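See below for the structure under consideration.
The values are calculated or read from the model by the stated rules, or taken from the named source; none is laboratory data. Keep in mind the model is a prediction, meaning the values are calculated, not measured. In this analysis, Cβ positions are derived from the backbone assuming ideal geometry, glycine residues included, and neighbour counts consider all displayed protein chains. Surface accessibility is based on the protein's heavy atoms, side chains included, excluding ligands, DNA and RNA. Shrake-Rupley method; radii C 1.70, N 1.55, O 1.52, S 1.80 Å.
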Amino acid sequence: MQADPVDTPRILVLASGSGTNLQALIDASREWDFPGEIVAVGSNRPQAFALERAAQAGIETFTVDHTRFESREAFDAELRLEMERRQPDLVVLAGFMRILTPEFVRAFQGRMLNVHPSLLPKYRGLNTHQRAIDAGDLVHGVSVHFVTEDLDGGPVIARAEVAVQPEDSAETLAERVQQQEHTLYPIVVRWFCEGRLQLAGNDRILFDGEPMPAVMTLPAS
């Protein structure tokens with residue numbers, strides 16, 4: 001039986017682009033036993049297609065346009081106000097292309113997740129697929145982690161591996177990595193909403209109340 005709506009964790013998603021990971025989460029949330037509800041989707045870009053995806057699914061949307069603010073701190077302060085009005089239990093970054101200030105991150109510490117297109121701690125930042133190819137990596141992939149003040153440096157919860165093919169370009173590799181993102185992210189969000197996943201301090205993950213022995217890794221595809 002589905003949980004009482006009063007007890008259902010409230011998920012807020014932030015996205016800057018087309019929102020394919022958002023769509024994967026929307027699709028997962030429609031499963032009868034999904035333990036959370038996406039209550040709002042926010043973006044820093046008014047034209048982001050992610051907002052259209054949310055609207056089509058009947059989910060509330062909001063925009064805080066970063067180009068209207070003189071500083072990162074001012075933008076983050078306004079974004080935080082908009083988010084707190086919606087009382088999220090979990091914040092999910094789904095292609096949200098902003099570097100967040102430490103104060104903002106601390107406000108949502110332990111309840112904010114991100115998906116990053118590399119096997120962290122490898123290749124923090126941008127252009128991860130080309131960097132993996134240039135390094136001659138045989139395996140690349142995606143990581144889901146808790147967000148901390150360290151950019152792309154929060155403790156990793158789960159990874160999915162993708163084999164790098166000799167003929168791969170950054171674009172073809174990115175396509176296969178993204179497919180794994182769409183599988184992995186809803187799994188981790190489900191764990192959090194079920195109360196199985198917690199961040200202890202800055203760097204320790206608890207799973208079912210016990211220290212997580214190792215990062216869950218889906219094998220190379």
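What is segment 36-125 by shape, rounded, prolate or oblate, if you read a ≥ b ≥ c off the alpha carbon gyration tensor as root eigenvalues and call it rounded for a/c under 1.5, prolate for a/b larger than b/c, and oblate otherwise? Verdict is rounded for segment 36-125. Comparing Cα centroids, segment 99-129 and segment 132-200 end up 11 angstrom apart.
The local environment of Leu25, defined by Cβ-Cβ distances under 12 Å, has a net charge of -1 under the rule Lys, Arg +1 and Asp, Glu -1.
On segment 1-137, 47 percent of the accessible area sits on carbon and sulfur atoms, based on a 1.4 Å probe. Think of the chain as a dipole: +1 on every Lys or Arg Cβ, -1 on every Asp or Glu Cβ, centred on the Cα centre; then among Gly42, Pro186, Thr20, Gly42 lies furthest on the positive end. For the pair Met97 and Ser71 in one chain, pulling the backbone fully straight at 0.36 nm per residue adds 7.8 nm over the alpha carbon distance.
Of the beta bridges in the chain, as assigned by DSSP with both residues counted there, near 45 percent are antiparallel.
Extending 7 Å from Cα along the Cβ direction at Asp33 and again at Leu206 yields two label points whose distance is 2.5 nm. Taking a sphere under 15 Å around the Cβ of Glu60 and counting the other residues whose Cβ falls inside, with K and R at +1 and D and E at -1, yields a net charge of 0.
State whether the chain is rounded, prolate or oblate according to the following rule on the C-alpha gyration tensor (a ≥ b ≥ c being the square roots of its eigenvalues): a/c under 1.5 gives rounded; otherwise a/b larger than b/c gives prolate, and the remaining case gives oblate. Walk me through the numbers before you get to the answer.
On the way: a/c = 1.42, a/b = 1.22, b/c = 1.17.
Rounded is the answer for the chain, as its axis ratio a/c remains below 1.5.
Put a plus charge on the Cβ of each Lys and Arg, a minus charge on the Cβ of each Asp and Glu, and nothing anywhere else: the dipole of segment 54-196 about its Cα centre is then about 360 debye.
Can you give me the accessible area per residue for the chain, using a 1.4 Å probe, in Å²?
Numbers: 10880 Å² over 221 residues.
Roughly 49 Å² per residue, with all protein chains present.
In this calculation the C-beta distance from Arg86 to Ala170 is compared with R0 = 35 Å, giving a FRET efficiency of 0.45.
What does the helix-only formula give at 222 nm for the chain: each DSSP H stretch with n ≥ 4 adding -39500 (n - 2.57), the total divided by the residues, and the result rounded to the nearest 500 deg cm²/dmol?
Working: 6 runs with 69 residues, N = 221.
Calculated mean residue ellipticity at 222 nm is -9500 deg cm²/dmol.
With a Förster radius of 25 Å applied to the beta-carbon distance between Ala214 and Lys122, the computed FRET efficiency rounds to 0.90.
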